[in-house]
Each structure stands twice: as C-alpha cells, then as structure tokens.
Amino acid sequence: MGFSLLPEFFVFLGVDVFVAMSLLACLLDDYFPKTLPYVFQAAAIGGYVHILISRDFLTLFGDSMRFWYCFLYLTVALANIIALNVYLAVIKKQWTIAKVFSGTVVFPALLISVFFISDYASQIAGVYLLHIAMFISAIVLGLSISVLLSPKIVRKYWKRR
Amino acid sequence: MKRVFSKSAKMLVLTLMGILVISATAAVYYSLDMTSTITTAANDIWFVEGLDNVTAGVTLFNDNKSATLTDLKAYPNITMTYDDPIKVRNNNTGTNHFVRLTPVSLTGTATYFVYINFTLQTSTPISLNYTSNGASWTTPSQTSFVQVDMNTEYSIVVETMANATAPADQIATIEIAVEVQL
C-alpha cells in the first residue's frame, strides 16, 4: 500500500503556513503591526494543540469530521495570507510589495494546498481536481511572472493594440 | 544599529520557536500515521451445501467457514464427477469480492490415483488439479483471483479417477483453501 494522507496533514500544513507568515511579518515589520508575528506563532502553537487533541480523540471522531476541522484550520491559515496581501495592497498601498508577496507567498501557498487537497480527494473519493487546478494555476503563474518581471513590456503591448 | 540587532534577535527567536512547533507537530502527525485502528468484521464469503452434499459427505462447521467432504470416491478407470457437492457464496449484497484456490496439504498414497480435481465454477473457472504418475503426486500451484459477484453462489466441482488396478479403500486426504481478497 502506498503513502496515504491523513486529514491531520492539513493542520500540519496550516502550522507551516502560520510559522512562515510569522517570520515574514517580522521581516516586513515596517508594514505590519509589531505584535503580528507573535499572533501567528500563537496560531501555529494552536495548530499543534489541535493535532494533539485530534490524536487523542482519533477513534471518537469520524473521518469526515476530522477532515472538516483540519481543513478549516488550513483555510484560516490561507485566509490570513490573503488578508496580509490585501492589507499590504489596500491599507498600506504598497503595490509593488503586494505584487511580489502574491507571487512568492500567496500563490505558492494556495497551489501547494490545492495539490494536497486534490491528492486527499482522489484518495477518498477518486476525484482528480489537480489536473484542472494545475492547468489553470500554471497559466495564472505564467501571466503573473511576466507581468511582475516586465510590466513595461506588457503596458507597451496593450498600448500597441 | 540597535534596531537591526533587535530585529535579528526577534527573527532568531521566532525561527527557533517555529522550528520547535513544526517539529513537534510533525512528530505528532508521524505518530498518528503509525496508529492503526483495527476492528473485527463479519466475513462475506462462506461455504454452502450443494445438491450433492449428501453423496459427497459434506459437513460444514466453524460458521460455514470450513468444510469437510468425506465420502468422495474415485473409481478405477472411470471419471467420477460431483457436480455440486459444495458452493462458495458471496453473501454481501453490495460488493463483489475476489477469491482464489490454494493448495494447503496432501497426504496419502499416490500409487492408485490418477487425478483429483477441484474446480470453482466462476465465470472464469479456476481449478486445482492434483495428478499422480503412480509414484508421486504433482501438487498444483495456487490459482489466480477470480471475481465472485455479490449475493451469488458458485459450485465447486470435484472430479476423481483411480487407476485401473486400484483396490478398494485407498485414501488420499487433500486440504485446500479458498482465499478471499476484499
């Protein structure tokens, strides 16, 4: 039997996201509130407690319930990344940083999450989401990189048209 | 300068804390991955007496999961066929299963037998054919898996033959297993 994902993997992924965001918030502390890195660290510790409790009540909770509460934690983590991006773009009006942030943090985090959710879905219900998701993501990624790296070229292209 | 040092210190603390939290979470996940929950379940596949069960001396026991056929005969130079001594039943109403026949043991003289053949009459029949050259038995190899449809019974046909010079009351005892793949 091959390697198979448990629902708790999404909590593990969420913890990683929170820790990464904590470090990023510390690195970019000129743009974010000073307490934010610690809030994210606390959320990561919350994830650890979450998985610990899940282990102790493994037989009590069904597979469906385990999936949904783990998925919820990951969703909260991803929502926080998106919120940070929106905060940078809208509140702080740091368009350049927001663009870089979306290309280097938000998009990869979403893509990795979709990859594992797709893998879990195919394992449970035989539903293969990744092919479509990867295709769309790859197009978006390609366009984002081209816009990010050479906005002038894109602007010229649109002017010509 | 003071501020840079402060930021570095904060980064260091957060990095160390992050590594600690991630490691602890990974350890718990790993222990979770190693946890197996095993529950007992009722089996779906069992034996059922066939129409020839009296002739073949079929006795079912162990909740129909084991059976003995004690009255099978082999006649000299005649193929004796028991069309329906015992059946294999898939009692599940929603799931097809797969079974195969596996030789387990064989005792008894080979001198007076020609063959003893067990065939499970699935859509693709599978059989274990024990043959004798008059000196020793050739034990067949395990069969491949075949599907047994839900809520369906399949007969095991037994064919025997003794050689022309076989006296009465020579005994061969064969044990076979029906292995189930869920």
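Remarks
- Any pair with Cβ under 9 angstrom, 6 or more apart, that starts in segment B:138-154 at a residue that is at negative phi and β-branched (Val, Ile, Thr) and ends at one that is loosely packed, with under 15 Cβ neighbours inside 10 Å and in a loop (DSSP other than H, G, I, E, B): B:VAL146/B:SER123; B:VAL146/B:THR124; B:VAL146/B:PRO125; B:VAL148/B:ASN96; B:THR152/B:ASN96
- Filtered residues of segment A:1-24 (kept if assigned to a helix (DSSP H, G or I) and either more than 9 Å from every other protein chain (Cβ to nearest Cβ) or of a type in the set (Asp, Glu) (or both)): A:PHE10, A:LEU13, A:GLY14, A:ASP16, A:VAL17, A:MET21, A:LEU24
- Total residues in segment A:25-64, condition among the hydroxyl-bearing types (Ser, Thr, Tyr), at the interface with another protein chain (Cβ under 7 Å from one of its Cβ atoms) and in a helix (DSSP H, G or I): 1
- Among the residues of segment B:62-70, at least one is more than 14 Å from chain A (Cβ to nearest Cβ) and touching a residue at least 60 places away in the same chain (Cβ under 8 Å).
- Enumerated strands (runs of 3 or more DSSP E) restricted to segment B:113-182, each holding at least 3 residues that are closer than 21 Å to B:LEU72 by Cα, at pLDDT 90 or above and touching a strand residue (DSSP E or B) at 6+ places or on another chain (Cβ under 9 Å): B:113-120, B:126-132, B:152-162, B:172-181
- If you filter segment B:18-58 down to residues that are of a type in the set (S, T, N, Q), farther than 30 Å from A:PHE12 by Cβ and surrounded by 12 or more Cβ atoms within 10 Å (Cβ to Cβ), you find that the one that is nearest to the other protein chains (Cβ to nearest Cβ) is B:ASN43.
- Residue match in segment B:116-123 (condition: of a type outside the set (S, T, N, Q) and surrounded by fewer than 19 Cβ atoms within 10 Å (Cβ to Cβ)): no
The values are calculated or read from the model by the stated rules, or taken from the named source; none is laboratory data. For clarity, every value in this text was computed on a predicted model and none was experimentally measured. Neighbour counts run over all protein chains shown; Cβ positions are idealised from the backbone, glycine included.
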